[in-house]
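Only one structure is covered here, and it is reproduced in the block below.
Read-outs throughout are calculated quantities, based only on the coordinates presented, and are distinct from any laboratory measurement. Computed from a predicted model, the values in this text were never measured in an experiment. With ideal geometry, Cβ positions are generated from the backbone for all residues, glycine too; neighbour counts draw on all protein chains shown.
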Amino acid sequence: MSHKTVIALLITALAWALLRFAAVDGPRFILASASPNAIVADLVAELGGLPKQPLDLDRVEPRTATLYDVESWQIIRSTVRCSDSPWRTLTDDDPTYGHTIDIHVAYTDGASAVLRWESWRYGRALGPVVLGAGDGPRGTLRMVGES
């Protein structure tokens, strides 16, 4: 197969994926459960608070961690990154993407901080479109700043 044919097929497949699922105006999560707001809301509800120190949710049982009640939180930034090449992402039967969310947290004790949640998820990150296909590990939380 020629180089031009491969490029044409890749562009066609990417265009089909983008047009098939959504007209995009900025980053768009196709499944609501993959959205940053849903991830953070589920995390706060599951844990009953958020930490002020690093917490690996896959290695530490949340009930043994020191957690603090949260008054409010707000997404500052959400970043997704392909775990593989675009072609591999399109052809893989269980593709993954990395997801990082920076969260401004106001605790009920008056403190506030910026936490970073990082993990990976099943799905396809195709430019500004994320086609979520399921959860990955619970991830890690760490403080990246105080405010």
Worksheet item: For ASP84 and GLN53, FRET efficiency with R0 = 30 Å and r from the beta-carbon atoms, rounded to 0.05?
Response: 0.35
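Quickly rank 108-118, 64-74 as a protection proxy: mean count of other C-beta atoms within 10 Å, highest first.
On the way: 108-118: 15.4, 64-74: 13.4.
Top to bottom by mean Cβ count within 10 Å: 108-118, 64-74.
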Worksheet entry | Cβ-derived FRET efficiency at R0 41 Å, ASP92 paired with ARG142, nearest 0.05 | 0.90
Worksheet item: For SER112, what charge total do you get from the other residues with a beta carbon under 15 Å from its beta carbon, if Lys and Arg give +1 and Asp and Glu give -1?
Response: -3
